[in-house]
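Colleague: Let me begin by handing over the structure; questions about it come next.
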Amino acid sequence: MRGWWLVLPVAALLVSGCTGGSGAGAESGSGSGSATGKPSAGASASAGVSPGPSASAGAYDPATYAPQVRTYAKKAGVSAQLLMAVLYNEDYKPHDPAFERSWQKYKPDAAFGIANMHRAAFDQTKRGRPFAARKWEELPDDRALAVEAAAWYLHDMSAQLPAHWAGGYSRDELMALGYNAGGGNMAAFARGAKPGSQASDYLTRLRDNWKKAGAAVAG
């Protein structure tokens with residue numbers, strides 16, 4: 001699923017050249033969801049929170065945003081380790097603002113920001129939240145906003161979980177599956193449905209990233 005991003009830099013450059021520059025701007029997972037559930041993931045971010053390094057400040061490392069992850073995870077009532085692990089999971093493609101906008105011209109339903117959130121997921125998640133006045137197009141440039149939105153999306157996934165579930169998943173694993181595949185699919189997995197190859201791969205990567213994510217937010 002991730003390998004096709006290797007060809008995107010060429011495709012994005014070609015699209016950018018044909019269209020005359022860049023446009024406005026939770027993996028098919030983080031926002032796409034399914035027909036059975038939620039779409040799958042004021043001032044800049046929330047008052048008192050540092051926006052973090054610039055989105056154009058060279059190579060991206062999710063651990064750089066540990067302070068924002070801890071802050072927004074606490075506000076949303078979710079695990080900081082889970083939120084950081086999701087960021088590591090979503091770090092499979094370039095997170096350069098110009099690249100994302102060029103690719104979005106070619107693929108309008110593409111996800112934006114370091115948490116790879118789709119428009120529908122962002123618009124639904126922001127309702128009644130401190131960032132309600134913000135726009136999905138801002139996600140590539142404002143990484144703190146992307147972290148904040150992802151935290152609240154995970155909060156919403158948590159609220160949709162049943163009291164009991166099958167399958168041997170932890171609560172955080174189901175929430176991550178919800179981030180990847182949407183609330184409807186998360187509920188199906190909780191009832192015992194077998195995840196498809198994409199969701200299974202997402203869960204495997206989450207488990208692989210878990211210890212690293214914990215170390216990143218422990219400081």
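Colleague: State the number of residues belonging to the stretch 56-79 that are open to solvent by less than 60 Å² (accessible area, probe 1.4 Å) and modelled with pLDDT under 95.
Modeller: Residues that pass the stated criteria total 2.
Colleague: Of all residues in the stretch 93-110, how many are basic (Lys, Arg) and not in a helix (DSSP H, G or I)?
Modeller: Within the stretch 93-110, residues that are basic (Lys, Arg) and not in a helix (DSSP H, G or I) number 2.
Colleague: If we scan the stretch 89-105, do we find a residue that is in contact with a helix residue (DSSP H, G or I) (Cβ under 8 Å, 6 or more places away or on another chain), modelled with pLDDT under 80 and hydrophobic (A, V, I, L, M, F, W, C)?
Modeller: No, the conditions are met nowhere in the stretch 89-105.
Colleague: Output the residue which, of all residues in the stretch 176-195 that are of a type in the set (Gly, Ala, Ser) and over 21 Å from Leu87 (Cα atoms), is nearest to the chain's Cα centre (by Cα).
Modeller: Gly184
Colleague: Further, regarding this structure: Specify the residue that is surrounded by the fewest Cβ atoms within 10 Å (Cβ to Cβ); the eligible residues are those in the stretch 100-110 that are in contact with a Gly (Cβ under 8 Å, 6 or more places away or on another chain) and among the basic types (Lys, Arg).
Modeller: Here the residue is Lys105.
The values are calculated or read from the model by the stated rules, or taken from the named source; none is laboratory data. Please read all numbers here as calculations on a predicted model, not as lab measurements. Reconstructed Cβ throughout: ideal geometry from the backbone, glycine too, with neighbour counts over all protein chains shown. Please note that ligands, DNA and RNA were not included when accessible areas were found on the heavy atoms of the full protein model with its side chains. Shrake-Rupley method; radii C 1.70, N 1.55, O 1.52, S 1.80 Å.
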